[in-house]
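> First the structure, then my questions, so here it is.
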Amino acid sequence: MFNLLTNNEKGLTLIELIIGVGLMSLVLQGIYAFHYYETKSWDNTTRSIAARTTAQLAINRISRDIRGAQVISETAPAIEAADKNSIIFYADVDNDQQPERLHYYLSGTKLIRGIEESQTTKEPWVFNGVDDVKTTLVKDDRNSAAQPLFRYFSSMDVEDTNLPLSSARRSKVTLLKINLNVDKDPGKSPAPVQLETTVDLRNIK
Ligand SMILES: [Ca+2]
């Protein structure tokens, strides 16, 4: 009896070894799975924060530019073109007392900010309608005709859906709603980032 106990304590039987290895394997799988999901979750969180930051910066930029919109000729409104996913207007965004032509538009999934300086350094201001500089503000913009970036409201806060707006209608725009939809991989996590802001245009110069 004594010998039997001693023998058993000296080493593992094959069964014990198999059970031990099996248990160890389960533990390792658990650790791996935990690590995998933690990393994935961390990646999603990081990407979500990055998308939200990009969207917020873009929406801030557009809002700031459009708030400075100004009438540059007596015969044309401050907003030169107004459509679902594009807008053109004039504003002195670099504070040099000369207006620039701002052009926001979607090119595929890119939200672009185009800017053109006047061909003249004093009135009358002359623009060729060609962007001098183009900057991509958002790479993964998922706005579309069904989910437009820009919505226009006339007096009484009535939405004008006759897009693109005619010149007469553009001069009546008092509110602009910007709805930005950013999503790197539609259908996959993280969820799309959607930001909306309203810009009051009643004080257009
Ligand atoms: Ca300027």
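The values are calculated or read from the model by the stated rules, or taken from the named source; none is laboratory data. Because the structure is predicted, anything quoted here is derived from the model rather than measured. No Cβ is skipped: glycine too gets one built from the backbone with ideal geometry, and neighbour counts run over all protein chains shown.
> If D92 satisfies every condition in (1) touching a strand residue (DSSP E or B) at 6+ places or on another chain (Cβ under 8 Å); (2) away from the ligand (no atom under 16 Å from the Cβ); (3) farther than 15 Å from K139 by Cβ; (4) not aliphatic (A, V, I, L, M) but one, which is the exception?
(2)
> Can you confirm whether segment 179-190 contains a residue that is acidic (D, E) and more than 23 Å from A91 (Cβ to Cβ)? Talk me through it step by step, then tell me what you get.
From segment 179-190, those acidic (D, E) are 183, 185; that's our starting set.
Now narrow it down to the ones that are more than 23 Å from A91 (Cβ to Cβ): 183, 185.
Yes - at least one qualifying residue is present in segment 179-190.
> Can I ask one more? Just checking, how many residues over segment 98-116 are within 11 Å of the ligand (Cβ to nearest atom) and over 22 Å from S63 (Cβ atoms)?
0
> Being more than 16 Å from the ligand (Cβ to nearest atom) and either closer than 30 Å to A145 by Cα or at pLDDT 95 or above (or both) is true for just one of T46, T39. Which residue is that? Explain how you work it out, then say what you get.
Numbers: T39 fails: either closer than 30 Å to A145 by Cα or at pLDDT 95 or above (or both).
So the residue among T46, T39 that is more than 16 Å from the ligand (Cβ to nearest atom) and either closer than 30 Å to A145 by Cα or at pLDDT 95 or above (or both) is T46.
> Of the numbered conditions (1) out of contact with any Lys or Arg (no Cβ under 8 Å at 6 or more places or on another chain); (2) in contact (Cβ under 8 Å) with a residue 40 or more places away in the chain, V138 fails exactly one; give the number of that condition.
That leaves (1) as the condition not met.
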